[in-house]
């Protein structure tokens, strides 16, 4: 594919993440424009973007999703009407120019390890749909925080809405707490073929920061052809010291690093007051939603 843009999704709380991601992209020589999907529409949800970045809100998609139970994370569905893009969450740094890595790839391309750990990518009922698609269905799931595609998954908003609003799909596609199961299911029903760069023939080393626990993490990258082109934290806790976090820290100014460290300290404090109850409520709500969705 011939990449024409990088797409991400952001709001003010992930501003430092986005700055580091964009700086890493420029550091590997990629000057492609960065389209930023707004997580929300309140003025507080937006901030000054770096040069070469612009907010990208498709009213027809966002207004449609806002009228459903969908998580704001699902605004990334805008990507499914585009082609020749790389989508990444903001908690990514680039190690290689994505244009070069993806130049010989086609279709829907990911580079994550969910094929050996499919948890969080589907629900009980959507797993049944994947099992009907292939006996090796695990290779068809991926992390919704990083993917690329050379074509639209759907030929317009009407087709996207029809797929998402299908009664068999809607509970996943409009899930209120997360986006993974909906994104995975829509890719499946689109029929656009998927390939994963961490599987043969490329067999790239892991792109997940959580797979690198020791100081000599770069020893896995001696073969440049198998070196990951990005590292994605994807829930890897930043308050736990890991040498690989330096790949992110190097793109923060001293003042930004101080700001980041303050945020990390705040998040790492033991939950007090309402926080434990809110966490329990969220887990309970997720179980109830899954049970209702799976009949």
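Taking the number of other C-beta atoms within 10 Å as the exposure measure, put 91, 97 in order starting with the fewest.
On the way: 91 22, 97 18.
Neighbour counts put them in this order, fewest first: 97, 91.
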Problem - Prolate/oblate/rounded label for the range 37-87 (Cα gyration tensor, a/c 1.5) - result: oblate
Exercise for the section: Compute the label zone of residue 54 within the range 22-39: residues whose backbone N is under 13 Å from the point 7 Å along Cα-to-Cβ. Expected result: 33-37
Completion exercise
Distance in nm between residue 47 and residue 100 label points, each 7 Å along Cα→Cβ, equals 3.1
Problem - Ranked 51, 256, 31, criterion: other C-beta atoms within 10 Å, fewest first - result: 51, 31, 256
Practice task
Could you rank the peptides 176-185, 225-234, 245-254 by their average count of other C-beta atoms within 10 Å per residue, with the highest value first?
Solution key: 176-185, 225-234, 245-254
Handout entry: Within the chain, helix-based [θ] at 222 nm, where runs of 4 or more DSSP H residues each add -39,500 (n - 2.57), nearest 500
Key = -9500 deg cm²/dmol
Handout entry: Shape call, the range 1-91: gyration tensor on alpha carbons, a/c limit 1.5
Key = oblate
Completion exercise
antiparallel share of DSSP beta bridges within the chain, to nearest 5, in %, is 40
Problem - Estimated FRET transfer efficiency (residue 226, residue 139; beta-carbon r; R0 22 Å; 0.05) - result: 0.75
Fill in the blank from the handout: FRET efficiency for residue 12 and residue 63 from the Cβ-Cβ distance with R0 = 22 Å, rounded to 0.05, comes out at 0.50
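Extension gain residue 211-residue 128, at 0.36 nm per residue separation less the Cα-Cα distance, in nm? Kindly include the intermediate steps, with their values, before the conclusion.
On the way: separation 83, 0.36 × 83 = 29.88 nm, distance 2.84 nm.
Working it through step by step, the gained length comes to 27.0 nm.
Please say if the chain is rounded, prolate or oblate, where rounded means a/c under 1.5 for a ≥ b ≥ c the square roots of the C-alpha gyration tensor eigenvalues, and otherwise the choice is prolate for a/b larger than b/c and oblate otherwise? Before the final figure, lay out each step's value.
Numbers: a/c = 1.32, a/b = 1.14, b/c = 1.16.
Rounded, because the longest to shortest axis ratio a/c is under 1.5.
Only the coordinates and a few stated rules stand behind these numbers; no lab work does. None of these values were measured; they are calculated from a predicted model. Glycine also receives a Cβ, built like all others from the backbone with ideal geometry; neighbour counts cover every protein chain displayed.
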